[in-house]
1. Residue by residue through segment 69-124, note down the ones that are within 22 Å of the chain's Cα centre (by Cα), among the aliphatic types (A, V, I, L, M) and in a helix (DSSP H, G or I).
2. When segment 402-430 is examined, which residues are found to be among the hydrophobic types (A, V, I, L, M, F, W, C) and modelled with pLDDT under 95?
3. Could you please let me know if residue 382 is more than 16 Å from ligand 2 (Cβ to nearest atom), surrounded by 24 or more Cβ atoms within 10 Å (Cβ to Cβ) and of a type outside the set (Lys, Arg)?
4. Any residue that is part of a loop (DSSP other than H, G, I, E, B), more than 30 Å from residue 136 (Cα to Cα) and not polar (S, T, N, Q) - is there at least one of those in segment 521-533?
5. Among strands (runs of 3 or more DSSP E) lying entirely in segment 421-488, which contain 1 or more residues that are out of contact with any His (no Cβ under 6 Å at 6 or more places or on another chain) and acidic (Asp, Glu)?
6. Has segment 131-152 got at least one residue that is under 16 Å from residue 278 (Cβ atoms), in a loop (DSSP other than H, G, I, E, B) and within 16 Å of ligand 1 (Cβ to nearest atom)?
7. Among (1) away from ligand 1 (no atom under 16 Å from the Cβ); (2) over 17 Å from the mean Cα position of the chain (by Cα), where does residue 338 come up short?
Amino acid sequence: MASIVTAPIQGQKPGTSGLRKKTREFMAPAFLENFVQSILDAIGGAAGKTLVLGGDGRFFGEEAAQVILKMAAANGAARVIVGQGAWLSTPAASHLIRTRGTDGGIILSASHNPGGPDGDFGVKFNAANGGPAPEVLTDAIYAKTLELTRYLKLEAPDVNLTAIGESHLGEMVVEVVDPVMAYADMIESLFDFKSLRGLFHEGFTMRMDAMCAITGPYAVEIFENRLGAPKGTVTHKTPLPDFGGMHPDPNPTWAHELMAEMIGESGPDFGAASDGDGDRNMIVGRQCYVSPSDSLAVIAANAHLVPGYAAGLKGVARSMPTSAAVDRVAASLGIDYYETPTGWKFFGNLMDAGRVNLCGEESFGTGSDHVREKDGLWAILMWLNIITVRGQGVAEILADHWARFGRNYYSRHDYEALPKDQAEALLRDLVDRLDGLNGQSFQGLTVSGADEFSYSDPVDGSVSAHQGVRILFEGGSRVVLRLSGTGTEGATLRVYLERYVAGPDGLDADPQEALAPIIAATEEITGLKARTGRARPDVIT
Ligand code: G1P
Ligand code: ZN
């Protein structure tokens, strides 16, 4: 074993989803080692512990897994359960951490960010509940990165990760498991696979774009092997180190091949996509895109039709920038609903306390308490199961939903790679002016409230402040502005726009047109375009 003297890595601060960096930064000498040692020190050492390890198949993932195995062994871990080929989707890793009763796990992924030597890489620690490390732990990891003086790594040949089974690395057991089967079995227990098989048997057509990322093998097993969907239902099904050049972010911009297929009148009945590590999802019907906020609301309203949720929902939670569509469903069901800061980790406490079993974010993340991460394939199966029971297509289900609850028109506009100082100053100036906005009118819209969101966790009482600016307008419309915590280049400003229309008229407008007054009012209030010199957002979802 080598105890290697190292200099502190000076403040590598894991964000909402672990530490994300350019791949080359992670590959720099001792960088990965330092960060992993900081994690192991922050959890109180690895001695005697069992950990799960795997990632989304991106470039540098397998090399990183080998380093982490040798470090876990040198730090005295008892066992590491690793997905074959160092593969595990994020929800499958969460499931393994929970069902195997481990002390946590390390996931190698930069989620939906592009991969490859010039792309991004990431390392995330999940706690024993299967969920992302809570803030106290990410703070502790950060503190360790400042004081680290050595890391421990076994000098040993690489472990064979291609064959399933157990081997030893020093004293530590390395258990290589099939990355797919345990997860697929769990999923099968939640849904009505018999009826779903019938649906595909009757000729229902689906296109699932795995975007050359980790969900390919999971989707092939579930949709093609177990549910009998025709071969070819899953496209871009082989995980590739650079995702085949794709940007594995399931939204209309990056999943444009799928969108092009769904737009035609003779396209498949149902379309879906997922991201690099398999926790995000996009749902599309034929000629009908479903916004993630609407998807969450539809799932909430129909969850009782799915066997795993037949007893009804306990409660629901959404991130603050997610539209209020799900709140209306929860109110009509008479269940509690919670508004949390951005990031999945805030849902974990609510799920562990049994307060909610459905959660979602506007950023294409939906999930339940079957794991402690969002789960792309789970959301896709919720839709399929609902479609099967209701005997309706996506467009009909959405139209029915809006007729019943009204429609929360929604869109997110992202301004990427802004100079950090400029983006921070813009938000700071806005925060200073919030009090004065109340009661003022912009483009005919009157501000009925404006604040900076602060969350007090109802379970442990911890407070998370400065979670984004909200400006509410009379009638249930609003704009939210916040800076991304996951970008790797400059600052990304996210502008979340929402307008409520009760119906029965005006429910089928184009979202950007329906939101035009909110967009104009936002410009008048913030001077965003003038200050950034950007005529339009880089990404609209
Ligand atoms: C983004 C999303 C957020 C999600 C996170 C991790 O974070 O907006 O909802 O939880 O990725 O997938 P952001 O870049 O906005 O901080
Ligand atoms: Zn992801």
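The values are calculated or read from the model by the stated rules, or taken from the named source; none is laboratory data. Since the structure is predicted, the reported quantities are computational estimates derived from the model, not experimental observations. No Cβ is skipped: glycine too gets one built from the backbone with ideal geometry, and neighbour counts run over all protein chains shown.
1. Within segment 69-124, 92, 93, 96, 97 meet the criteria.
2. 417, 418, 423, 425, 426, 427, 430
3. Taking the combined requirement at face value, the residue satisfies it.
4. Yes, segment 521-533 contains a residue that is part of a loop (DSSP other than H, G, I, E, B), more than 30 Å from residue 136 (Cα to Cα) and not polar (S, T, N, Q).
5. 445-452
6. yes
7. Of (1) away from ligand 1 (no atom under 16 Å from the Cβ); (2) over 17 Å from the mean Cα position of the chain (by Cα), only one is false for residue 338: (1).
Conditions tested, residue by residue: (1) of a type outside the set (Lys, Arg); (2) free of Cβ contacts under 8 Å to residues at least 60 places away in the same chain; (3) within 16 Å of ligand 2 (Cβ to nearest atom).
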| site | (1), (2), (3) |
| --- | --- |
| 210 | yes, no, yes |
| 218 | yes, no, yes |
| 235 | yes, yes, no |
| 260 | yes, yes, no |
| 268 | yes, no, no |
| 287 | yes, no, no |
| 292 | yes, no, yes |
